[in-house]
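The values are calculated or read from the model by the stated rules, or taken from the named source; none is laboratory data. Model, not experiment: these values are computed from the prediction. Backbone-built Cβ (ideal geometry, glycine too); neighbour counts: all protein chains shown.
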Amino acid sequence: MLEKLKRILLEFQERPLPVITRRDAVLPILEGKATVVTGMRRVGKTSLCRQKMRELMDAGLDKTQLLYLNFEDDRLTGFRLEDCQLILDAYYSLWPDNRGRECYFFFDEIQNVDGWEHFVRRLLDTTDAHVILTGSSSKMLTSEIATAMRGRSVSVELLPYSFGEYLRHRNVFDELPKHLSDDAIARLRHGMEEFFAIGGFPEIYQVADGMTRGEILQEYSDMVVLKDVVERHGVGNITALRRLLACLFNNASQKFSVTAFWKVLNQGMQVKCSKNDLFEFVEHLEEACMLYRTELHTTSEKARMVNPDKVYLVDVGLVRATADDPTANRGWLLENLVYLHLRRSKCQVGYYNTSDGKEVDFHVTDRLSRQRCLIQVCWSLNAAETMKREISPLLKAGGELGINRLLVVTWDEEKKLDGGVRAVPVWKLLAGYEPIFG
């Protein structure tokens, strides 16, 4: 294993770092803490690490001061915690002068090594290395890593491309213009059409054929189901799991009740599965960063428990590739897109029910300033009935909660409405020209 590790480390040193689209996510390097990058498979976690490597080398760091190891390399199959010392043995035998130098150790998909946190804590305590970790499990973001690392980590969540990153990748704008000309608006609108259709997984933009893109995205979904749910958690009832996933993809941005689906699955589809298993399946998919849930915004714990969560998927392109009819519910896809923007913006997000039972899509809170806003999402406000249906709950919720920032996000309409409500096009919100909190 020692010689194998040496070959892998030397291979990294010999290969040039690829030129990649700059991501907006920042990898903080804090003394005595590991940096943890999580996200669904194929969102670009490794590329973000390479971006950090290039920044370090541009600042004068020698490449030999960078160690990179991917624990999904087939040559490391069966790698165990007791083998981790061999990583240091291999690295320092190749570059002994680095023992007393500042180094950066990048470990991809480290969750594949049971007990990895013990090795990482030892690195932080006994070496001059900064440690950057990636993993496809969102458990590395929450209580599990907090327990494992005992306060010795800082976390970064990576999603597929944002609209701004997409514009940079497609060379529409490297930096967004401060002022919007007619030409800039036209380019932003055109870019939003493609971004809304394809989504933000980086690899997809290397493929011109739409059918091939769809097949790749379906493979992403299958890979998550197989590796991050079935294999990792020993799921045996794959039929029920796939029926659940199909239901979620066909109802993105909607309330989802496990109990209601359990009745349909067992009675209507004749697929036997326990309710507890379904709850676990949803948790596994969320852990794999494929879906996210938002709760009802309320001070009543009981109301929060009896009202179902709303479910959003990690990427609208993935939804289109896996849903039965990818064009049937464009308003739901638009809402999913807005949710991902709010999540990238580090906002606290829930939905809200007014006192007369009408729903507002998003109650949004800035985690630091505690500013709040309410957002409805609909494709168009052209129909008077739609206008009333969207605006009335916003105004009522704003009065009940004391919130003045009220937005309706549409596909491409911008206007001032009654009661201080603003309708804004989605491209303007996602590009940052319309701030979330005003």
Determine which single condition residue 144 fails, assuming it passes every other condition in (1) under 24 Å from the mean Cα position of the chain (by Cα); (2) at pLDDT 95 or above; (3) part of a helix (DSSP H, G or I).
(2)
Going through the stretch 13-64 in order, the residues found to be modelled with pLDDT under 95, exposed (fewer than 13 other Cβ atoms within 10 Å of the Cβ) and closer than 26 Å to residue 172 by Cβ are 18, 19, 26
Between a residue in the stretch 183-198 that is buried (at least 17 other Cβ atoms within 10 Å of the Cβ) and any residue that is among the charged types (D, E, K, R) and outside any helix (DSSP H, G or I), which pairs come within a Cβ distance under 8 Å, given they are 6 or more apart or on different chains?
191/170
Within the stretch 1-23, the count of residues that are in a loop (DSSP other than H, G, I, E, B) and under 18 Å from residue 56 (Cβ atoms) comes to 8
What's the number of the only condition in (1) within 28 Å of the chain's Cα centre (by Cα); (2) buried (at least 16 other Cβ atoms within 10 Å of the Cβ) that residue 90 fails to meet?
(1)
Pairs, please: C-beta under 7 Å, at least 6 apart or cross-chain, first residue without any contact (Cβ under 8 Å) to a residue 40 or more places away in the chain and in the stretch 85-97, second of a type in the set (Lys, Arg) and loosely packed, with under 15 Cβ neighbours inside 10 Å?
92/99
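Residue by residue, here is whether (1) of a type in the set (Lys, Arg); (2) outside any helix (DSSP H, G or I); (3) more than 22 Å from the chain's Cα centre (by Cα) holds:
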residue	(1), (2), (3)
47	no, no, no
52	yes, no, no
72	no, yes, no
86	no, no, yes
125	no, no, yes
Looking for something in contact (Cβ under 8 Å) with a residue 60 or more places away in the chain and among the polar types (S, T, N, Q) - is there at least one such residue anywhere in the stretch 156-175?
yes
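Residue by residue, here is whether (1) of a type outside the set (Phe, Trp, Tyr); (2) modelled with pLDDT under 95; (3) surrounded by 13 or more Cβ atoms within 10 Å (Cβ to Cβ) holds:
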{"site": "154", "(1), (2), (3)": "yes, yes, yes"}
{"site": "171", "(1), (2), (3)": "yes, no, no"}
{"site": "208", "(1), (2), (3)": "yes, yes, no"}
{"site": "216", "(1), (2), (3)": "yes, no, yes"}
{"site": "223", "(1), (2), (3)": "yes, yes, yes"}
{"site": "233", "(1), (2), (3)": "yes, yes, yes"}
From 177, 160, which residue is surrounded by 20 or more Cβ atoms within 10 Å (Cβ to Cβ) and part of a loop (DSSP other than H, G, I, E, B)?
160
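Based on what the data block shows, is residue 369 under 28 Å from residue 251 (Cβ atoms), outside the structural domain of residue 184 (by TED's automatic domain parsing) and among the small types (Gly, Ala, Ser)? Walk me through it before giving the result.
Details: under 28 Å from residue 251 (Cβ atoms): no; outside the structural domain of residue 184 (by TED's automatic domain parsing): yes; among the small types (Gly, Ala, Ser): yes.
In short, no.
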